[in-house]
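The values are calculated or read from the model by the stated rules, or taken from the named source; none is laboratory data. Here the structure is a predicted model, which means the values were calculated and not measured. Cβ placement follows ideal geometry from the backbone for every residue including glycine, while neighbour counts extend to all protein chains displayed. In case anyone asks, the SASA skips ligands and DNA or RNA and just uses the protein heavy atoms, side chains included. Shrake-Rupley method; radii C 1.70, N 1.55, O 1.52, S 1.80 Å.
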Amino acid sequence: MIIELPDTNVSKISRALIDVREEGGAVALGRVLTLVIATRPGAEEEAIEAANDASREHPMRVIVLMFGDRDAEPRLDAQIRVGGDAGASEVVVLQASGPAASNTESLVTGLLLPDAPVVVWWPDNPPAVPSASPLGRIAQRRITDASTRPFEPHRLSALGKNHEPGDTDLAWTRLTHWREQLAAVLDQPPYEPITAVEVRGASSSPSTALLAAWLRLMLDVPVDWRYLPSDEWHDGIKSVRLTRESGEILLERSSPAIACLSQPGQPQHDLVLPRRTLRECLAEELRRLDPDLLYGRVITEGWQLLGPPASTEANG
């Protein structure tokens, strides 16, 4: 069910949410958090779809905040989605124009679930310092995505420079299965130290750089990493090569969904290693509301240790 509330205010929206709950039987007692999505008009549906899917694991209230022309007349339009249009969540879509868009925090504070954690997600165009932004100050977790706009070469450097506990990035979340596979390999004999690391990936994949920074931090060895030309590879991470005395370990994608694992003295194994969906990454980040300490170390310490890519075809 979708309820339109044109030219409204926060008090009327809050009242409408109560009415929907009373009349339709929808309850908020099972909601575990409030997810605030700050995005742009035209990009909201993909984010809402991911949040709706994730809500089946994390029942929540979703507040989608968009801004129109800030020079226009003050106006706040809202839409409430419940039931089949909202997964296991309540979705409130806000579009503010003119002076109504000037106080971001006041637009959402009256709609937050009481005594529930707040997570803010910027699908693209995040503030320069998420923790210092009006929405970031009220959130326990702040989620950005370095793979989306703006496409800047030094975006990961900025994330590290401005990192505060509670910040995370979906470019890091996309690495979970790669990190699991590599850790599993190194947990098997022979237990020899790694002497060299090589990481390759697409120029549009900041996850490539974060994987290299993680390996640099965890293994304490130099990492040769580079972005590949788009005509050679264009779909996320391509390969990781680990060198030790007994030979090389190579985990390399032959296609966007399949990777081959090669180890000395063992047959090759094909592994299902697809790029993770937006829904999977968002759901994983919502499982933990405490600071991701490892990500914090990787984006600060690991990034500083890593050094620039071996290729000039970098895209942060």
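May I ask you to give the percent of accessible area on the chain that is carbon plus sulfur, with a probe radius of 1.4 Å?
Answer for the chain is 51 percent, counting heavy atoms of protein chains only.
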Taking the radius of gyration and the Kirkwood hydrodynamic radius from Cα positions alone, what is the Rg/Rh ratio for the range 105-204, to two decimal places? 1.10
Amide H neighbours of residue 292 at under 5 Å, excluding residues fewer than 5 places away on the same chain, with H built from the backbone geometry, are 166
Looking only at the range 67-162, where both bridge partners belong to it, what percent of the DSSP beta bridges are antiparallel (to the nearest 5)? 65
Based on DSSP H runs of at least 4 residues, each adding -39500 (n - 2.57), what is the mean residue ellipticity at 222 nm of the chain after dividing by all its residues, to the nearest 500 deg cm²/dmol? -7500 deg cm²/dmol
How fast does the range 1-112 diffuse by Stokes-Einstein, in µm²/s, taking the Kirkwood radius from C-alpha pairs at 4 °C and 1.567 mPa s? 92
Counting Lys and Arg as +1 and Asp and Glu as -1, each charge on the Cβ, what is the dipole of the chain about the Cα centre in debye, to the nearest 20? 400
Identify which of 206, 193, 222 has the largest mean-square fluctuation in a Gaussian network model of the chain, with springs joining Cα atoms closer than 10 Å. 193
Among 185, 91, 223: highest mean-square fluctuation, GNM of the chain, C-alpha pairs under 10 Å: 185
Can you work out the accessible area per residue across the chain, with the rest of the protein chains kept in place, probe 1.4 Å, in square angstrom? 45
For the pair residue 162 and residue 196, how long in nm is the line joining their label points, each one 7 Å along Cα→Cβ? 3.8
If the elastic network links every pair of Cα atoms under 10 Å, which of 301, 245, 164 fluctuates the most in the Gaussian network model of the chain? 245
Rounded to whole Hz, the Karplus (6.51, -1.76, 1.60) HN-Hα couplings of the range 105-122, x for glycine and proline: 4, 5, 5, 10, 4, x, 10, 6, 5, x, 6, 10, x, 10, 10, 10, 10, 9
Using θ = phi - 60° and the Karplus relation 6.51 cos²θ - 1.76 cosθ + 1.60, list the HN-Hα couplings for the range 185-193 in order, rounded to whole Hz, with x at every Gly or Pro. 5, 6, 7, 9, x, x, 8, 9, x
Starting from the Kirkwood Rh over alpha-carbon pairs, what translational D in µm² s⁻¹ does the range 176-249 have by Stokes-Einstein at 25 °C and 0.890 mPa s? 194
Would you grab the residues whose amide H sits under 5 Å from the one on residue 64? Only those 5+ places off in sequence or on another chain, please, with H modelled 1.01 Å from N. 37, 92, 93, 94
Taking H placed 1.01 Å from N in the peptide plane, check which residues at least 5 places from residue 238 or on another chain put their amide H under 5 Å from its amide H. 200, 201, 202
Suppose we keep just the DSSP beta bridges with both residues in the chain; what percent of those would be antiparallel, to 5? 50
Folded to 0 to 90 degrees: helix 206-219 orientation relative to the chain principal axis, Cα: 60
Starting from the 7 Å offset along Cα-to-Cβ, what nm value, one decimal, do you get for the label separation of residue 4 and residue 257? 3.9
Under Karplus coefficients 6.51, -1.76 and 1.60, residue-wise ³J(HN,Hα) of the range 49-60 in Hz, glycine/proline x: 4, 5, 5, 4, 5, 5, 5, 5, 9, 10, x, 7
